[in-house]
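**Q** Let me give you the structure first, and then I'll get to my questions.
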Amino acid sequence: MMEKEVKTTCPYCGVGCGVIAKVAEDGKVSVKGDPDHPSNFGRLCSKGSALGETVDLDGRLLYPEVSGGRVEWEQALDLVAQRFSDAIAEHGPDSVAFYVSGQLLTEDYYIANKLMKGFIGSANIDTNSRLCMSSSVAGHRRAFGSDTVPGTYEDIELADLVILTGSNLAWCHPVIYQRLAAAKAARPGMKVVVIDPRRTMTSDIADLHLAIRPDSDVALFVGLFEHLIASNAIDQNYIAEHTNGFAEAFSSATGVSFNEVLDMTGLPAMQLREFYRLFATTEKVVTCYSQGVNQSSSGTDKVNAIINCHLATGRIGRPGMGPFSLTGQPNAMGGREVGGLASSLASHMDLAPENRARVQRFWASPTIAPKPGLKAVDLFRAMGEGRIKALWIMATNPAVSMPDAGAVREALARCPFVVISDVIAETDCTPFAHVRLPATGWGEKDGTVTNSERRVSRQRALFEAPGDAKPDWWIIKEVGRRMGWPGDFAYSRPADIFREHARLSAYQNDGARLFDLGDKVAIGNADYETMAPFRWGGDAFADGRFPTPDGRARLVPVSQMPLPAPLANWPLTLNTGRYRDQWHTMTRTGLSPKLSRHREEPLVEVHPEDAVAYGLEDGGLARVSTPQGASLFRVQFSTGQRRSEIFTPIHWTDRQSTGGRTGLLPRPLVDPHSGQPGFKSTPATIKAVAPAWRGFLITTEAMERPDCLWATRVTVPGGTLFELAGDGDVQAIEAKLPRGERIESFDRARGSHRIAVMREGRLVAALFRTERGILPKREWLVEQLGQAATAALLAGAPPGAREDRGPIICLCFDIGLKTIVAAIGSQQLTTVEAVGAALSAGTNCGSCRPAIRRILEDNRSAANG
């Protein structure tokens, strides 16, 4: 292989960072940020920096399969086309469905939408983006007449007040956080307000942290709206010239008193007054919001409550101001552009009769979806009821990510025909698949993505497709051809689809729709290959005009839904979210030993006072239960949690862990406008679990996850580490250890047993367990994997003292908490920059800088105490 360097785009969050991937002659990939890309200007987070560790073929689905057996593409495609056609002929077009993903490229998304809505004739195509940003879509449409995000990243840097509401920016959009932190350092007068029930790492940059009650956001912003009116901080000229609905919105807000807002949000009066004062007196305000706003049964009203405050003050469409939805997935925005949601058509059109007629004319299609399709939660409910006869899942894992995931699995088991296109051979969904189709992944895909600020970037291939894997667009178009429409799906490259996508955006547009790629209609193949990042829509709404019939924005009356009182059997409130260094269900990030260091297990974060009340131990195990299901977690005490609230991560699946299955827990309650489920406020309870023994297993060889009470898998250098705990004996685990010479030790007083497995004098596995004793740290033993045996193996540590670095904080330079604390004390370090100069920590990707800042603050507090 010739060495080469490719400019492409990161496949993780909606920031859309440009990366430069260098492929060496041996096929190894190294990644750095693209200094010329306007989204990140060379910055990368920990996940993006570790992309080179995630491109091997371990666990890949490389060949088509039918009923578990390998087949040729022709047989698989013919079967998919025939079974979908048969279901449509017998039960009608609404008996079939696609469930797609923000992991798809825009070209993939476009052709899937075209096949389902324009040729099959149903709108039963929805996406996992329904779970993360559909409330923003609905809120934008109600306010602006189209799903247009008005903000840009530069606006965040230019603002004098940045409000981060329902957004753990430091962990979920780290590069935007770095840009904000740099702007604040350059202009110390800039203020940052964080609105979040939890004190996250993002709070460390905040001048004000509002730890509101879950789902009380509408009350907070309705109260702000009323305050803006009462303090004469509104822009009456802008309201009169560019908006409708102010009187109705005003009427819905005036009945909410300051004291009622205090009661509903649970905030101190001084904090609430300061927030309202900052917003009222600061001209340049950007309000960034993410899943804490969207993932709610009142998410759309939350979005419009925020937008109302910006419209009433005229703080929109100008530099350094505006409401800004930060998208979760890499191409959720591209999916929105092509109608990936069941409630929309391509090019930001809804399913109004004139739009349906327009799109049908453009596609020259035999039909067009007559009505909105089933949204995600309703789709799987309909499947469970037997109404969906054939389902095609593309690039997502709803058996993990959907709320009430147990019911989703039951629905999948009932569906007569399930097709899955994926890069991974074994996921929590694949046991339900009748057909599995191997798709290309990052590093092999070619097309475009759109980020949170409407910027379109190219994602380019580094490698040829492995095995028989094919691009998603190719798979979809081949099925469309076999279903009877060969001429309508005669694409030979992604550029063909992109040009059609651009033509449709401009078709009979005449300025009516902001989404318009008319200048790309005639782009040639060579220019498509080299296309530089661009942002469509320019400075959206800068002229005060909106894509509504009268050109005016709409203020939408909203009101706070009653907040439920704690339930007797479910007295806690469960919040869910992401970890800094993992992505979705870890099919990619889980391959990186580096990314696994920060959070090795799924934790339930509990306030220490609640932990005492429930008899929990820090580092112990606990079962979190809701009316929908239950799962086991490792307990972590956290003063950043509000009392009576707990937090769990979304990433762990059955493939990695016997516990940590957060998807089993949330309610399938949805927002009435967007259909987006609420993941942030589920009634729950927690109970300590005391296993009979604890232990861990490290191995150089691939092993199935051990079958015991607690078993979590994490990738480490040279192999795999399983953290274990159980109630019965461990003979079944011992029996599955790799073959080789065993060295064992027993300590019956502590109920401890240690086994090292050697082959040709080198360590291939080790199993340590104990009932009452202390387990050694894993780090040194992991370093011995594949190495020559030493006498210290069963001791679990080398002779003499070994530095205990503590939990790894900086992944890039492998620097632990205790190392940082020691350097702060010995060298009198007082700033993040000083720590970076001394240890290099935080000087590369920057994802750990909030954690370093928190360590510095804790050190100062301890010194002053």
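The values are calculated or read from the model by the stated rules, or taken from the named source; none is laboratory data. Values in this document were obtained by computation on a predicted structure and should not be read as measured data. Cβ sites come from the backbone with ideal geometry, for glycine too, and all protein chains shown count toward neighbours. Ligands, DNA and RNA are stripped out before the accessible areas are found, and what is left, the full protein with its side chains, is counted by its heavy atoms. Shrake-Rupley method; radii C 1.70, N 1.55, O 1.52, S 1.80 Å.
**Q** How high is the relative contact order of the stretch 1-141, given as a whole-number percent (alpha carbon pairs under 8 Å, six or more residues apart)?
**A** Values: 160 pairs, mean separation 17.1, N = 141.
Worked out over the stretch 1-141, it gives 12 percent.
**Q** Relative contact order for the stretch 329-420: what percent, with Cα pairs under 8 Å and sequence separation of 6 or more?
**A** Details: 98 pairs, mean separation 19.1, N = 92.
After rounding, I find 21 percent.
**Q** Shifting gears a bit: Along the charge dipole of the stretch 642-706, pointing to its positive end and built from +1/-1 on Cβ of Lys, Arg, Asp and Glu, which listed residue (684, 670, 658) has its Cα farthest out?
**A** 684
**Q** Restricting to the chain, compute how many DSSP beta bridges are antiparallel as a %, nearest 5. List each step's numbers first, then the result.
**A** Working: 78 of 123 bridges.
Counting only bridges with both partners in the chain, antiparallel ones make up about 65 percent.
**Q** When the accessible area of the stretch 178-295 is computed with all protein chains present and a 1.4 Å probe, what percentage of it is carbon and sulfur? Display every interim value, and only then the final one.
**A** Details: 2300 of 4480 Å².
The nonpolar share, carbon plus sulfur, comes to 51 percent.
**Q** Under 8 Å for C-alpha pairs, at least 6 residues apart: give me the relative contact order for the chain, rounded to a whole percent.
**A** Values: 1971 pairs, mean separation 131.9, N = 865.
Reported relative contact order: 15 percent.
**Q** Which of the trypsin sites (Lys or Arg not before Pro) found in the stretch 614-714 are in a DSSP loop and have at most 13 neighbouring Cβ atoms, other than their own, within 10 Å? Before the final figure, lay out the partial values.
**A** Details: sites: 623, 634, 642, 643, 655, 661, 680, 687, 694, 713; in loops: 642, 643, 655, 661, 680.
The qualifying sites are 643.
**Q** Could you point to the residue in 473, 258, 810 farthest towards the positive end of the chain's charge dipole, with +1 and -1 charges on the Cβ of Lys/Arg and Asp/Glu respectively?
**A** Positive-end residue among those listed: 258.
**Q** Here is a follow-up. Where the centre of each part is set by its Cα atoms, how far does the stretch 707-733 sit from the stretch 132-162, in angstrom?
**A** When both Cα centres are located, 45 Å separates them.
**Q** Here is a further query. How do 637, 246, 722 stack up against each other in accessible area, from largest to smallest, with a 1.4 angstrom probe?
**A** Result, largest first: 637, 246, 722.
**Q** For the residue pair residue 230 and residue 185, what label-to-label distance in nm results when each label sits 7 Å from Cα along the Cα-to-beta-carbon direction?
**A** 4.0 nm
**Q** A further question on this structure: May I ask for the distance between the Cα centers of the stretch 361-404 and the stretch 634-656, given as a whole number of Å?
**A** The distance from the Cα centre of the stretch 361-404 to that of the stretch 634-656 comes to 31 Å.
**Q** Now a separate question. Going 7 Å from the Cα of residue 283 in the Cα-to-Cβ direction, what parts of the stretch 220-240 have a backbone nitrogen less than 16 Å from that spot?
**A** 233-238
**Q** Between exposed GluC sites (Glu not before Pro) in the chain, where DSSP calls loop and at most 10 other Cβ atoms lie within 10 Å, what's the longest gap?
**A** On the way: sites that count: 3, 25, 385, 464, 704, 760, 803.
Within the chain, the longest run free of exposed GluC sites (Glu not before Pro) spans 26-384.
**Q** For the stretch 47-128, give the percent of accessible area contributed by carbon and sulfur heavy atoms, probe 1.4 Å, rounded to a whole number.
**A** Numbers: 1130 of 2500 Å².
C and S atoms contribute 45 percent here.
**Q** Under a 1.4 Å probe, what is the accessible area of the chain per residue, stated in Å²? Provide the component values of the computation, followed by the final result.
**A** On the way: 31100 Å² over 865 residues.
Heavy-atom accessible area per residue stands at 36 Å².
**Q** Where a Cα-Cα gap under 21 Å defines reach, which lysines qualify for residue 22, not counting those fewer than 8 residues away within the same chain?
**A** 4, 7, 32, 47, 445, 594
**Q** Let me ask you something else. Tell me, what % of the accessible area of the stretch 389-440 is carbon and sulfur with a 1.4 angstrom probe? Can you show the working numbers first?
**A** Numbers: 640 of 1240 Å².
Roughly 52 percent of what the probe reaches on the stretch 389-440 is carbon or sulfur.
**Q** Projected onto the charge dipole of the chain (+1 at Lys/Arg Cβ, -1 at Asp/Glu Cβ, origin at the Cα centre), which of 712, 442, 93 gives the Cα projection farthest towards the positive end?
**A** Positive-end residue among those listed: 712.
**Q** Could you give the dipole magnitude of the stretch 772-865 about its Cα centre, charging the beta-carbon of Lys and Arg +1 and that of Asp and Glu -1, in debye to the nearest 20? Mind dumping the intermediate values first?
**A** Working: 10 positive and 8 negative charges, 47 e Å.
My answer is approximately 220 debye.
**Q** Report residue 610's accessible area, 1.4 Å probe, all protein chains in place, as a number in Å² to the nearest 10.
**A** Answer for residue 610: close to 10 Å² accessible.
**Q** Explain nothing, just compute: Karplus ³J(HN,Hα) = 6.51 cos²θ - 1.76 cosθ + 1.60, θ = phi - 60°, for every residue of the stretch 479-484 in order, whole Hz, x for Gly and Pro.
**A** 5, x, 5, 6, 7, x
**Q** Place a +1 charge on the Cβ of each Lys and Arg in the stretch 1-145 and a -1 charge on the Cβ of each Asp and Glu, then give the dipole magnitude about the Cα centre in debye, rounded to the nearest 20. Walk me through the numbers before you get to the answer.
**A** Working: 15 positive and 19 negative charges, 164 e Å.
Roughly 780 debye for the stretch 1-145.
**Q** Now, a different point. So how strong a dipole does the chain carry about its Cα centre when Lys and Arg Cβ are +1 and Asp and Glu Cβ are -1, to the nearest 20 debye?
**A** On the way: 95 positive and 97 negative charges, 113 e Å.
Here the chain has a charge dipole of around 540 debye.
**Q** Out of the stretch 798-865, which trypsin sites (Lys or Arg not before Pro) are coil in DSSP terms and have no more than 15 other C-beta atoms within 10 Å? Before the final figure, lay out the partial values.
**A** On the way: sites: 802, 805, 818, 853, 854, 860; in loops: 802, 805.
Loop-located and lightly packed - 802.
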